[in-house]
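Working notes, structure below.
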Amino acid sequence: MARTTKGGMTGADLKKSNRGRKGGMTGSKHFETQDVETSTSPLEAVAGVANKVGEAVQNVASGVQAVGHGVRAAANGAKAIRQTFKGGSSLVTDEHTQVLDQARGIATSYGVELTDIKTHMSASNDEVDDSLGDGISAKEANEKKLKIQRQNNLLDVRLDRVKQKRKIATLHKEELSLVGDLVDVGTTGVNVATKMVNYQIAVTDFQTTQSKLEEHEELLIQQQIRTQGTINLTTGIQTEWDLKLEKQDRSNERLQLEIEGAAKQNEQKRLEIDAILLSD
């Protein structure tokens, strides 16, 4: 019979596995009894680690998937923003399948009929492809091939003719370029001739100025001659006027003598008259 200890607990209640553990005696919720096997095989340990690694990888994959959703959402937002720009190209944001559809549309606009590859590929390999129709005979095939070959020959001739026309156009373009070069040469010649005319005008202006200088020099000489003549006339004119003055003086003197003679005659007349009167 188990011995009862103080507090009403028996020795049987104090199990070895709970003694000294946190909550072992009080029954705390933090304490849970776990049955730990003391003997674990290496294979089981590796399996446990693999499980944990798998959980970690799964968590990482979930995170990557979430990031992918975020990136796609951002791309869709950027696509919506780009498409709001006036004149923006949808090729910036379209998927490759959408771009391929646009390329098919361009081919169709040029009259190209694309083969419905899905219909032909989905036909069974053991059955006839009804979408191809009844087909044609070998004779008809040869006739069509011959016709295609003749058409190819015609296209080759047309292609060679187009190449020839391009060569002719290139030759004509080079000829026109040569004409342009010759026009440039002629233009340069005209410019040089114009410069020569301007040069001759300058020479003529220079000679005209020289002639004017010569004329002015002759006018200067003539003026100097007139001046010298005037200077030479000065002495003669002075003598002339001196003589005129002297002549005037002589004339004045003669007049003075005549006046004095007349006065004496008058005095003599008066004396004679007085003598006659006194004699009476």
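The values are calculated or read from the model by the stated rules, or taken from the named source; none is laboratory data. Here the structure is a predicted model, which means the values were calculated and not measured. Calculation scope for accessible area: heavy atoms of the full protein, side chains included, ligands and nucleic acids excluded. Shrake-Rupley method; radii C 1.70, N 1.55, O 1.52, S 1.80 Å.
General observations
- Of the whole protein surface, Arg161 contributes about 110 Å² of accessible area at a 1.4 Å probe radius.
- Added length on full extension, which subtracts the Cα-Cα distance from 0.36 nm per residue, Tyr199 to Lys167: 6.8 nm
- Rounded accessible area per residue of the stretch 188-277, 1.4 Å, Å²: 90
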